[in-house]
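The values are calculated or read from the model by the stated rules, or taken from the named source; none is laboratory data. None of the values given here were measured: they were computed from a predicted structure. As a convention, Cβ positions derive from the backbone with ideal geometry for all residues, glycine included, and neighbour counts pool all protein chains shown. Please note that ligands, DNA and RNA were not included when accessible areas were found on the heavy atoms of the full protein model with its side chains. Shrake-Rupley method; radii C 1.70, N 1.55, O 1.52, S 1.80 Å.
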Amino acid sequence: MQVTLLTGKAKPLTPVIDSAIDKRPVSQALFCSHVGLEGDAQVSTRFHGGPERALHYYPAEHYPVWQQWFEGMGLREYSPCLIPGAFGENLSGTGLSEETACIGDVFRLGEALVQISQPRSPCYKLNARFGHDFFSVLMQANGRTGWLLRVLEEGRVTPSASLELVTRPCPDMSVKRAGDIVFNRGFDAEGLRELAALEQLSPNWRKKAADYLAAGQVDDWSRRLLGPKAG
């Protein structure tokens, strides 16, 4: 499956928010290290980037769906944003979605070897990016979040690279199912136990699942989804 390779620099998203969410296609081979693609920036490193979140994949199939939604909501002025890279992804392609990709999937990407580590957690910067105060909430609820990957083997990746599945150790835990367990099912004790024990899931998400089990409830997501004012 051929993918588009994208990187971005930090720039103002609003007068008070900086972000590197606006990624653009690259025209030359880049080195993919354990923390991501050469030249790609992350602003809020507490929540973005790092070894478990080195790369972000977003399915290109979602773009026509969002285009229709934008038109229906009267957000046509933001439609030009809806091109690969708009959601901050480093990889975009067709043929793989949250329903078909699974936690732990290992792919060959050029010389690099990468693995799905967790679903993407939408945040309030998406609201500023796309001009709708609850866009992040909608993305979380409908599961069109994309996913994050760790880099198992570093290497060079060309703009025409393919993403080739090598192994699927967790076929019963799709990205969509993992996201739904944490975000969209209230308190799903059985699902949370599965996630807490899933070695291929990022340590942060495993801890999140274990903490929810211990507390008997999931977190309030309003601050992440709506911004500091919601806290």
Compute log10 of I(q)/I(0) for region 1-54 with the Debye formula, placing one identical point scatterer on every Cα and leaving out solvent, at q = 0.16, 0.31 Å⁻¹, to two decimals. -0.51, -1.29
Residues whose placed amide H lies under 5 Å from that of GLY110, excluding near-sequence neighbours: SER162
Relative contact order of region 121-231 (C-alpha contacts under 8 Å, at least 6 apart) in percent is 31
If a/c stays under 1.5 just call it rounded; otherwise compare a/b with b/c (prolate if a/b is bigger, oblate if not). Do that for region 88-134, with a ≥ b ≥ c from the square roots of the Cα gyration tensor eigenvalues. prolate
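Select from region 132-231 those GluC sites (Glu not before Pro) which occupy a DSSP coil region and have at most 10 other Cβ atoms within 10 Å, ordered by residue number.
When the GluC sites (Glu not before Pro) of region 132-231 are filtered for loop state and at most 10 Cβ neighbours within 10 Å, GLU199 remain.
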Please sort by residue number the trypsin sites (Lys or Arg not before Pro) in region 1-91 whose DSSP state is loop and whose Cβ has at most 15 other Cβ atoms within 10 Å. LYS9, ARG46
Could you tell me the relative contact order of the chain? Use alpha-carbon pairs under 8 Å, at least six residues apart, and round to a whole percent. 24
Taking a probe of 1.4 Å and leaving out DNA, RNA and ligands, region 96-231 shows per residue an accessible area in Å² of 43
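Helix-derived [θ] at 222 nm for the chain: sum -39500 (n - 2.57) over DSSP H runs of at least 4, divide by residue count, nearest 500? Don't skip to the answer; put the middle values down first.
Details: 7 runs with 60 residues, N = 231.
Calculated from helices alone, the mean residue ellipticity at 222 nm is -7000 deg cm²/dmol.
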Semi-axes of the equivalent ellipsoid for region 31-180, Cα gyration tensor, largest first, Å: 26, 17, 15
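Output the relative contact order of region 1-98, whole-number percent, from Cα pairs under 8 angstrom with separation of 6+ residues.
Working: 162 pairs, mean separation 36.8, N = 98.
Once normalised by length, the contact order is 38 percent.
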With r defined as the distance between the Cβ atoms of LEU152 and GLU77 and R0 fixed at 35 Å, what FRET efficiency is calculated, to the nearest 0.05? 0.25
Give me the percent of the accessible area of the chain that comes from carbon and sulfur atoms, probe 1.4 Å, all protein chains in place. 52
Spelling it out for ARG24: with amide H atoms placed in the peptide plane at 1.01 Å from N, the residues 5 or more places away or on another chain with amide H under 5 Å from its amide H are THR7, GLY8
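Please give the net charge around VAL175, taking every other residue with its beta carbon less than 11 angstrom from that of VAL175, where Lys and Arg add +1 and Asp and Glu add -1.
Summing Lys/Arg as +1 and Asp/Glu as -1 gives 0.
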Percent antiparallel among DSSP beta bridges confined to the chain, rounded to 5, stands at 90
